[in-house]
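A short write-up of the structure that comes next.
The values are calculated or read from the model by the stated rules, or taken from the named source; none is laboratory data. Quantities reported herein were computed from a predicted structural model and do not represent experimental measurements. Ideal geometry is used to build each Cβ from the backbone, glycine not excepted, and the neighbour counts take in all protein chains shown.
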Ligand SMILES: NC(=O)c1ccc[n+]([C@@H]2O[C@H](COP(=O)([O-])OP(=O)(O)OC[C@H]3O[C@@H](n4cnc5c(N)ncnc54)[C@H](OP(=O)(O)O)[C@@H]3O)[C@@H](O)[C@H]2O)c1
């Protein structure tokens, strides 16, 4: 089978597409014939050795896949051979086959196609966990989403609306903001051209926002923290800008606010039952037509470099997905 391999921790340009031996399931695992794989910002971080998780070399990036169960390993309780499934696997997905822990493999709703399924788990589960479990977002509160047209950002807009919040979406171009509007954002800020703090004062009548969802970091973080309302929560999701901001803690004291870390992968491992309940709620919302996963680009596996570049160079909207032949 074909797989994209990192033979060292290096720049994504040095990945190679190779012929490798077929996968076999270990104890408690299933092998999935991969049909589609979500492309994530974290794929590039893992390849460069800049992510929390450092797989043994060589490895394939690719954190979430959809496909068909091809083989069930000893002791695996989960979907049978032939079941259409999705799985969040951390790495390994840029390949025609993956071995995945059976307990983490989820059957697809009948109407969900493989591309949609591969775009689904990480972005939606992260935003749902962040807004529900970590921020405890309430109906009627104001939610500010940075990088709102990106993979996780757009799902935060959708889930924020489902939870009854007023959503202010920020992005760097008018076409990205138009997409956020289509996904339900109530107010828009182009943070490439507008003064974030001033616009937020205008939009909230000086009160500030209750929750900030920040997957970008960098220069927007401090104005966002300064724009929190009394008892506001600032969710640390990621640092797509490449810069980890340093926030003066006096701001947190003055606003009686909280800075809240979010690491969905760690939550899913530590609390699998709560995570499964969250995922089933998300798949229920999808089945009811309340979530509309947005895939702005699909690429065949061989064009993995272009797919990753679209994400890294800030061109993607919503998700990018690799499809197997
Ligand atoms: N904490 C968790 O559990 C968790 C889970 C999943 C992802 N994440 C993290 O969340 C972040 C976003 O992931 P994603 O998959 O949503 O990525 P994405 O689709 O690339 O979206 C990131 C957004 O960040 C903005 N951005 C600003 N500066 C950028 C730059 N220099 N390069 C790229 N994007 C830039 C872009 O929006 P504008 O152009 O509009 O600014 C882009 O749409 C990553 O750091 C990822 O590791 C964390």
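Brief remarks follow.
- Test: residue in the stretch 189-208 that is touching a strand residue (DSSP E or B) at 6+ places or on another chain (Cβ under 6 Å), within 16 Å of the ligand (Cβ to nearest atom) and not in a loop (DSSP other than H, G, I, E, B): yes
- Enumeration of residues in the stretch 140-154 that are out of contact with any strand residue (DSSP E or B) (no Cβ under 6 Å at 6 or more places or on another chain) and crowded, with 24+ Cβ neighbours inside 10 Å: 147, 150, 152
- Residue in the stretch 155-162 that is touching a residue at least 12 places away in the same chain (Cβ under 8 Å), under 19 Å from residue 186 (Cβ atoms), near the ligand (Cβ under 10 Å from one of its atoms) and crowded, with 24+ Cβ neighbours inside 10 Å present: yes
- Any hit, the stretch 230-250, residues being farther than 21 Å from residue 40 by Cα, in a helix (DSSP H, G or I) and either within 14 Å of the ligand (Cβ to nearest atom) or in contact with a strand residue (DSSP E or B) (Cβ under 7 Å, 6 or more places away or on another chain) (or both): no
- Count of the stretch 262-292 residues which are crowded, with 20+ Cβ neighbours inside 10 Å, part of a loop (DSSP other than H, G, I, E, B) and away from the ligand (no atom under 13 Å from the Cβ): 1
- Every condition in (1) closer than 23 Å to residue 298 by Cβ; (2) in contact (Cβ under 8 Å) with a residue 60 or more places away in the chain; (3) under 23 Å from the mean Cα position of the chain (by Cα) holds for residue 85 except the one numbered (2).
- Strands (runs of 3 or more DSSP E) contained in the stretch 1-41 and holding at least 3 residues at pLDDT 95 or above, on the phi < 0 side of the Ramachandran plot and in contact with a helix residue (DSSP H, G or I) (Cβ under 7 Å, 6 or more places away or on another chain): 29-39
- Applying the criterion of being part of a helix (DSSP H, G or I) and under 16 Å from residue 204 (Cβ atoms) to the residues of the stretch 215-229, the residue that is farthest from the chain's Cα centre (by Cα) is 226.
- Residue check for residue 308: in contact with a helix residue (DSSP H, G or I) (Cβ under 8 Å, 6 or more places away or on another chain) and closer than 19 Å to residue 41 by Cβ: yes
- A single member of 21, 58 is in contact with a strand residue (DSSP E or B) (Cβ under 6 Å, 6 or more places away or on another chain) and either surrounded by fewer than 16 Cβ atoms within 10 Å (Cβ to Cβ) or over 18 Å from residue 152 (Cβ atoms) (or both), and it is 58.
- Of all residues in the stretch 163-188, those that are within 11 Å of the ligand (Cβ to nearest atom), in a loop (DSSP other than H, G, I, E, B) and more than 25 Å from residue 43 (Cα to Cα) total 0.
Residue-wise test of (1) without any contact (Cβ under 8 Å) to a residue 12 or more places away in the chain; (2) assigned to a strand (DSSP E or B); (3) more than 13 Å from the ligand (Cβ to nearest atom); (4) within 17 Å of residue 264 (Cα to Cα).
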| site | (1), (2), (3), (4) |
| --- | --- |
| 77 | no, no, yes, no |
| 90 | no, no, no, yes |
| 100 | no, yes, yes, no |
| 123 | no, no, no, yes |
| 126 | no, no, no, yes |
| 138 | no, no, yes, no |
| 149 | no, no, no, no |
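- Unique match (being under 21 Å from the mean Cα position of the chain (by Cα) and modelled with pLDDT under 95) among 124, 94, 51: 51
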